[in-house]
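Asks: Quick one: structure below, then a few questions.
The values are calculated or read from the model by the stated rules, or taken from the named source; none is laboratory data. Computed from a predicted model, the values in this text were never measured in an experiment. Cβ: placed from backbone, ideal geometry, glycine included. Neighbour counts: every protein chain shown.
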Ligand code: ATP
Ligand code: MG
């Protein structure tokens, strides 16, 4: 007989290490929050463990599904000691391939502190830390991956690539996001901070100059600048100042781990890799093979990536019911953490991955 397809098709790849645990948990919560008939979660193989089994990191069928789905929800990819025949690491090649094939140029990392004493910073309340890092995902210093040069075992060089097109689109993305996040133009936090090292390197000066050009079209968003070294101090000393921060690939990578640490660590940091046509959502952490299969990983980063996915889809498809489901999930996470009874281990509690997942489902209003 016929199988009715839901309106939204999601390609899920559980991947490696803790990937299956945290991805499974998230699909469970999303299904609870949405009810049936709205979203189908279709599982596809991929990643380092699948490479070991099959010789393929991103099978053709998996890629086609990712390309044709409304969004992608992933666990994590990468395992130590899995290498291609030429000796290079497989790592998270799954995501690198998807990133470039689908042009996922914006790596978006929301940094938000929840109630419950999870920050290593002194006297920080929920709401004090609530900003988004927009990391350029396709060029910068990581563009030379594989193309770095080692000269006679004496000198190694990599190239930092900054293009007009690359900065224009990431800056525009960041300004738009700041607009979307704030209520009124008078909102004191409507601000886009450019994180660079424009005082030392020409490529970063170019990055800043292009951001300035793009800023002309956003007179309602304050533009602000910070050298990356100072940025690390500011994110510790005055995180409440920030709204949206845009950064070149490597700087974005570094400050987003720092940001995650200020709100409790990698286990609570969501991420979305977004392009103009596709979105891939997964926790900001890796596959954590040290705790894989033990049911102790925190599913929060992936669950919050799932609610981020619903918001993104709700926005794209003008579908209020997705946005509302995302808000319900976030409220359930908030409630679960503030109750203080079911807290994952990396946040100082005892709860297992499944305990946390069930508590969040119970707390959905
Ligand atoms: P990547 O190279 O993909 O960034 P990584 O080497 O930085 O990965 P992660 O897998 O991100 O490492 O995690 C580092 C450590 O943090 C893990 O070994 C694990 O102990 C802890 N960790 C990461 N994610 C979680 C989680 N969801 N729950 C609990 N602990 C986690
Ligand atoms: Mg890492």
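Asks: What number of residues in segment 240-266 are within 10 Å of ligand 1 (Cβ to nearest atom) and surrounded by fewer than 23 Cβ atoms within 10 Å (Cβ to Cβ)?
Replies: Residues meeting the conditions: 4.
Conditions (1) touching a strand residue (DSSP E or B) at 6+ places or on another chain (Cβ under 8 Å); (2) part of a helix (DSSP H, G or I); (3) buried (at least 24 other Cβ atoms within 10 Å of the Cβ), marked per residue:
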| position | (1), (2), (3) |
| --- | --- |
| 306 | yes, yes, yes |
| 310 | no, yes, yes |
| 314 | no, yes, no |
| 321 | no, yes, no |
| 328 | no, yes, no |
| 337 | no, yes, yes |
| 346 | no, yes, no |
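Conditions tested, residue by residue: (1) modelled with pLDDT under 95; (2) surrounded by fewer than 21 Cβ atoms within 10 Å (Cβ to Cβ).
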site	(1), (2)
61	no, yes
70	no, yes
73	no, no
88	yes, yes
102	no, yes
119	no, yes
137	no, no
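Asks: Next question. Could you please find all residues in segment 233-291 being within 12 Å of ligand 2 (Cβ to nearest atom), within 18 Å of residue 126 (Cα to Cα) and either part of a loop (DSSP other than H, G, I, E, B) or without any contact (Cβ under 8 Å) to a residue 24 or more places away in the chain (or both)?
Replies: Hits for segment 233-291 are 265, 269.
Asks: Have a look at 177, 121, 141, 150 and point out the one that is touching a residue at least 12 places away in the same chain (Cβ under 8 Å) and in contact with a strand residue (DSSP E or B) (Cβ under 7 Å, 6 or more places away or on another chain).
Replies: Matching residue, one of 177, 121, 141, 150: 177.
Asks: In this structure, does residue 165 turn out to be under 18 Å from residue 107 (Cβ atoms) and free of Cβ contacts under 8 Å to residues at least 24 places away in the same chain?
Replies: Against the criterion (under 18 Å from residue 107 (Cβ atoms) and free of Cβ contacts under 8 Å to residues at least 24 places away in the same chain), residue 165 qualifies.
Asks: Being outside the structural domain of residue 260 (by TED's automatic domain parsing) and touching a residue at least 40 places away in the same chain (Cβ under 8 Å): is that true of residue 67 here? Don't jump to the end; show me each part of the working.
Replies: Numbers: outside the structural domain of residue 260 (by TED's automatic domain parsing): yes; touching a residue at least 40 places away in the same chain (Cβ under 8 Å): yes.
So residue 67 fits the description; yes.
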